[in-house]
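One structure is given below, encoded as structure tokens.
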Amino acid sequence: KTRSASQWESTLSAASVPAGRLRSIDEILAEEHIAVRGLTSEIEIEEYDRPIHIPTMTFKANGQNQANAKRPSHLGEDTEAVLRDAGFDDGELDSLRTAGAI
């Protein structure tokens with residue numbers, strides 16, 4: 001109880017015991033190998049006061065990871081387009097809106 005998870009991880013690793021501490025998302029994103037491998041890219045979103053990290057492809061095409069050029073959609077932003085693609089017509093969308101389903 002007197003040692004941190006990081007200390008136990010180092011001790012066990014030195015003794016060749018496979019073990020790893022649980023890490024938060026922020027800790028994982030701060031790992032050097034994540035940046036070196038280009039597994040995330042930073043994007044600016046006007047609603048946030050700092051850049052956010054988003055995943056890139058987990059494989060490389062032509063030696064590079066593809067960064068997503070656009071911001072993620074806001075919750076519900078694409079609902080109507082998805083429902084239209086699924087075959088819902090204007091009347092059905094109006095009914096869903098009236099019912100508070102969308």
(message) I'd like to verify a number: residues in segment 17-68 that are loosely packed, with under 10 Cβ neighbours inside 10 Å and not in a loop (DSSP other than H, G, I, E, B), how many?
(response) 6
(request) Of the conditions (1) open to solvent by less than 60 Å² (accessible area, probe 1.4 Å); (2) in a loop (DSSP other than H, G, I, E, B), Phe88 clears all except one; give me its number. (result) (1)
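How many residues does segment 14-35 contain that are among the hydrophobic types (A, V, I, L, M, F, W, C) and more than 15 Å from the chain's Cα centre (by Cα)? Write out each step before concluding.
Going residue by residue through segment 14-35, those that are among the hydrophobic types (A, V, I, L, M, F, W, C) are 14-15, 17, 19, 22, 25, 28-30, 34-35.
Subsequent filtering for residues that are more than 15 Å from the chain's Cα centre (by Cα) retains 14-15, 17, 19, 22.
Number of matching residues: 5.
The values are calculated or read from the model by the stated rules, or taken from the named source; none is laboratory data. Keep in mind it's a predicted model, so treat the numbers as computed, not measured. Neighbour counts run over all protein chains shown; Cβ positions are idealised from the backbone, glycine included. To get the accessible areas, we keep the full protein, side chains included, count just its heavy atoms, and leave off ligands, DNA and RNA. Shrake-Rupley method; radii C 1.70, N 1.55, O 1.52, S 1.80 Å.
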